[in-house]
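Below is a structure I'd like to ask you about.
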Amino acid sequence: MKKTLLILLIVLLFIPLSPNAKDSLGNKNDVLSFVRDAFQAQISLSDQTRTKQEISDVLSPYFSDEYQKMFWDENVFEEEGKFVTYGSDFAFYYIPFFKYSEETKVIISPESIYVLQFFPSTSNGPVSYKDHYEGIMLKKMDGGWKVAEYLYDNIPKSIIERAY
């Protein structure tokens, strides 16, 4: 019994008490890892129903309050007094389906980070679309980086030129 409690205590010491925004994103790999984690946080919301606070706790380390509100309004649905997201091939305010490869571009500046990718047109499958860019913009806030804006064909031209 004492051994089990000791192991549990050690495990708890390695878990952060409250998640905070990522304070350092110094290179493309760091940024893409953060963005991938943010996407995983979003899709985890379809696993089970949760309270508003539980959803906020999942999203807060990665997304600004304003972004969370837009995501909530577009994607979160109430079921029996709790909330859940439903899967979709084309849902606004989800992190885009980046390839996390050389095709995914990262532009880092002191005040913002852009993550973008060109998506060529497709008419295969249940979703079709024209050539377009998708991306997100991260901003430094609350002492760390958070996803602050969803970009769909409205990425500043200067950022696209720097990326490509």
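Percentage of Cα-Cα pair distances in the chain greater than 23 Å, rounded to whole percent?
On the way: 6134 of 13366 pairs.
Counting pairs separated by more than 23 Å, the tail of P(r) holds 46 percent.
Starting from segment 108-164, pick out the GluC sites (Glu not before Pro) whose DSSP state is loop and whose Cβ has at most 12 other Cβ atoms within 10 Å.
When the GluC sites (Glu not before Pro) of segment 108-164 are filtered for loop state and at most 12 Cβ neighbours within 10 Å, 111 remain.
Considering all alpha-carbon pairs of segment 54-144, what whole percent are spaced by more than 18 angstrom?
That fraction is 57 percent.
Determine the percent antiparallel among the DSSP beta bridges restricted to the chain, to the nearest 5.
Looking only at bridges with both residues in the chain, the antiparallel portion is about 95 percent.
Along the charge dipole of the chain, Cβ charges K/R +1 and D/E -1, which of 39, 120, 88 sits furthest on the positive end?
39
Can you compute the charge dipole magnitude of the chain about its Cα centre, using +1 on each Lys and Arg Cβ and -1 on each Asp and Glu Cβ, nothing else charged? Give it in debye, rounded to the nearest 20.
So the dipole magnitude of the chain works out to roughly 600 debye.
Most fluctuating residue of 146, 52, 105 in a GNM of the chain with Cα springs under 10 Å: which is it?
Of the options given, 52 has the highest mean-square fluctuation.
Additional query: Taking the mean number of other Cβ atoms within 10 Å as a proxy for protection, how do you rank 42-51, 72-81 from highest to lowest? Mind dumping the intermediate values first?
Values: 42-51: 14.4, 72-81: 12.1.
Peptide ranking by packing, descending: 42-51, 72-81.
Continuing with this model, one more query. For segment 105-164, treating each Cα as an identical point scatterer without solvent, what Debye log10 I(q)/I(0) comes out at q = 0.23, 0.28 1/Å?
Taking Cα atoms of segment 105-164 as identical point scatterers yields -0.90, -1.14.
Now a separate question. So, in the chain, how many Lys pairs have Cα atoms under 21 Å apart, if the pair is 8 or more places apart or on different chains?
Summing the qualifying lysine pairs gives 27.
Next question. Can you tell me the order of 115-127, 25-37 when each peptide is scored by its average per-residue count of other Cβ atoms within 10 angstrom, highest first?
Ranked by mean Cβ neighbours within 10 Å, highest first: 25-37, 115-127.
Every read-out reported here was derived from the displayed coordinates using simple, explicitly stated rules and does not represent laboratory data. Every value quoted in this text rests on a predicted model; they were computed, and no experiment measured them. Every residue, glycine as well, gets a Cβ built from its backbone with ideal geometry; the counts of neighbours run over all protein chains shown.
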